[in-house]
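The next block holds one structure in the form of structure tokens; read it before the comments.
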Amino acid sequence: MPTSLPNILTYARIAMVPVVVGCVVYDGDWARWWALAFFIIAGVTDFFDGYLARAWAQQSNLGRMLDPIADKLLVAAVLLALTRAGTVAGYSLWAALVILCREILVSGLREFLAELRVSVPVSQLAKWKTTIQMIALAFLLAGPAGDEVVTGVTEVGIALLWAAAILTLYTGYDYFKAGIEHLTGPAPERHTPPPVAAKRDGAS
């Protein structure tokens, strides 16, 4: 149901996206710490919405649709904000671009395969990629503010971002390899219902 707690947590994660971006764009160390705090809260809701939906048998089509959308919105928005702030710059922009392109391409592939009722399971390596990616973004959100506390926070974040980008290429290739036979096959037939004759005035 739309108002179940798991779905509310997903709504909250989507609502936190502009908050995190706003904190990154706003200049100041304290804003970076707030951005990191909201990002961590968003990550926690990502775990609990799925866990509670399964534990309480509250899985829904709405939740299945919104959950991956919320994840991709968060990752894409944070990467763009970090690029705007200059934390991700130079050659590291390629790592961000690889991650963004993969998210879009895999989403399109999944949507296409869903029409064919073909499910592509998430591999263990893809889960590791997501974990490394989220940790990288957390380090980069702390960025300059974190560097003042512990030297090298931004550098660690950049290194983890590249690691996530490399895994992104590999797991993206796995997804396309799994769906290539469906992409190259004939288009599925679409059955359109016959037109319904318009009722005349007074017809029941």
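Each value in this text was obtained by applying a stated rule to the coordinates, not by laboratory testing. Please read these numbers as outputs of a predicted model, since none were measured by experiment.
General remarks:
- Sequence-separation-based contact order of the chain, relative, with Cα cut under 8 Å and 6+ spacing, percent: 22 percent
- Angstrom value of the Kirkwood radius, inverse mean 1/r, which spans all Cα pairs in segment 5-183: 17.0 Å
- Between 0 and 90°, nearest 10: helix 29-55 axis offset from the chain longest Cα axis: 40 degrees
- Gaussian network model of the chain, Cα within-10 Å springs - most flexible of Val98, Val24, Val88: Val98
- Nearest-ten-degree value, helix 153-184 long axis tilted from longest Cα axis of the chain: 20 degrees
- Scanning residues 5 or more positions from Val88 or on other chains, those with amide H under 5 Å from its amide H are Thr83, with H placed 1.01 Å from N in the peptide plane.
- Nearest 10 degrees, 0 to 90: helix 5-25 Cα axis against the chain principal axis: 40 degrees
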